[in-house]
Amino acid sequence: MSALDRVLLGAALAASPATHRAARREQWTADVRDARELDLSPTALAFGALTTALFHRRAPHRSSWGDSMTTLPTPVRAAPHTIRTIPVLIALAVLSFVVAAGVLALLQRYNGLPEARPVFDLVGVGMAVVPGLAVATSLLLASGVPRRRRGLGVIATLAVAAVWWAVTDGTLHVPGYGSLQVGLVAAGFLAAWLVTLRRPLWTLSLLVLPLVATVVVTPLANAVIAVGLSYSVMTLVWWAGQLVPFLVAVVAGVVASRFSTDAPVVVEPHGEALVDKSV
């Protein structure tokens with residue numbers, strides 16, 4: 001168990017109700033410790049424990065990790081512990097973008113002032129760095145994917161985030177493709193996601209959706225701006241339009257997961273617990 005796993009478990013136990021803490025400590029420690037024997041990611045399980053503690057504090061039942069699996073074979077999706085963690089990270093990415101866009105709109109009255117430059121730089125962090133790290137972390141936590149493949153996916157995601165940061169910061173311009181920049185970046189994030197998680201080949205056709213969203217939304221945003229709004233409102237409208245291709249990419253990723261042709265995992269009955277806690 002790594003130091004990060006211990007920190008995550010400690011935070012999960014601290015956030016758990018006192019009545020469940022002892023049982024969860026025993027279960028979660030054993031599950032994270034023996035995760036690799038079951039071909040699972042210990043860090044992903046630790047993150048799953050943390051999200052369970054944060055969002056299910058009032059649940060009347062405790063976690064069943066490590067219990068005996070004596071029920072009939074039941075089809076379940078692979079990596080159930082990522083169902084809560086990854087959506088939280090993606091929601092964090094979207095929220096960071098929205099907050100950064102709102103801050104940028106409020107800063108328009110101070111545009112051009114040297115004192116405001118550091119704050120403008122932080123806006124780029126909220127729009128590009130935080131979302132990029134959130135998506136990269138989601139890929140890092142994916143189970144059933146070789147570590148090397150996840151690492152390459154993280155590198156590709158961070159590279160796309162770096163390009164997007166340069167675009168939002170104004171240091172990078174793509175001549176001739178200005179209106180498609182956002183769509184290309186969103187498609188880049190989606191491509192890294194689909195390839196890393198080994199989605200079916202047909203899902204690559206979904207990469208065109210962020211580009212289509214950009215082509216549709218950009219003229220609409222320009223039309224609204226042309227009405228003659230204040231700079232703050234125009235900025236907010238513009239960046240709200242820039243958010244749409246990213247939301248389309250998120251939906252495309254969900255569609256690719258839901259309609260994957262991979263067969264579901266079947267849990268076979270076992271006569272004894274998969275994790276021996278008597279040691």
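Of the residues 124, 153, 132, 144, which single one is at positive phi and in contact (Cβ under 8 Å) with a residue 24 or more places away in the chain? Working first, answer last.
Values: 124 fails: at positive phi; 153 fails: at positive phi; 132 fails: at positive phi.
Testing whether each residue is at positive phi and in contact (Cβ under 8 Å) with a residue 24 or more places away in the chain leaves just 144.
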Exercise for the section: Looking for whichever is more than 28 Å from residue 150 (Cα to Cα), part of a helix (DSSP H, G or I), over 19 Å from the mean Cα position of the chain (by Cα) and at pLDDT below 80 here; the options are 217, 279, 224, 233. Which one fits? Expected result: 224
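Examine region 131-142 for a residue that is in contact with an Asp or Glu (Cβ under 7 Å, 6 or more places away or on another chain), surrounded by 13 or more Cβ atoms within 10 Å (Cβ to Cβ), closer than 21 Å to residue 249 by Cβ and at pLDDT 75 or above, and state whether such a residue exists. If you could, list the steps in order and put the result at the bottom.
Start the filter on region 131-142 by keeping residues that are in contact with an Asp or Glu (Cβ under 7 Å, 6 or more places away or on another chain), which leaves none.
Within region 131-142 (the criterion being in contact with an Asp or Glu (Cβ under 7 Å, 6 or more places away or on another chain), surrounded by 13 or more Cβ atoms within 10 Å (Cβ to Cβ), closer than 21 Å to residue 249 by Cβ and at pLDDT 75 or above), the answer is no, since none of the residues qualifies.
At pLDDT 90 or above and over 21 Å from the mean Cα position of the chain (by Cα), is that true of residue 212? Walk me through it before giving the result.
On the way: at pLDDT 90 or above: yes; over 21 Å from the mean Cα position of the chain (by Cα): yes.
When the stated conditions are applied, residue 212 passes them.
Going through 91, 162, 105, 100 one at a time, which residue ends up being modelled with pLDDT of 85 or more, assigned to a helix (DSSP H, G or I) and crowded, with 18+ Cβ neighbours inside 10 Å? So that I can check it myself, show each step before the final result.
Working: 91 fails: crowded, with 18+ Cβ neighbours inside 10 Å; 162 fails: crowded, with 18+ Cβ neighbours inside 10 Å; 105 fails: modelled with pLDDT of 85 or more.
After ruling out the rest, the residue left standing is 100.
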Fill in the blank from the handout: For residue 120, the lone unmet condition from (1) surrounded by fewer than 15 Cβ atoms within 10 Å (Cβ to Cβ); (2) modelled with pLDDT under 80; (3) assigned to a helix (DSSP H, G or I) is (1)
Handout entry: residue 187 assigned to a helix (DSSP H, G or I) and over 23 Å from residue 120 (Cα atoms)
Key = yes
Completion exercise
Pairing a residue in region 28-49 that is in the same structural domain as residue 10 (by TED's automatic domain parsing) with any residue that is surrounded by fewer than 19 Cβ atoms within 10 Å (Cβ to Cβ) and among the charged types (D, E, K, R), where Cβ atoms lie under 6 Å and the two sit 6 or more apart in sequence or on different chains, gives 30/277
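The values are calculated or read from the model by the stated rules, or taken from the named source; none is laboratory data. Because the structure is a prediction, the values reported are computed rather than measured. All Cβ positions, glycine included, derive from the backbone under ideal geometry; neighbour counts span all protein chains shown.
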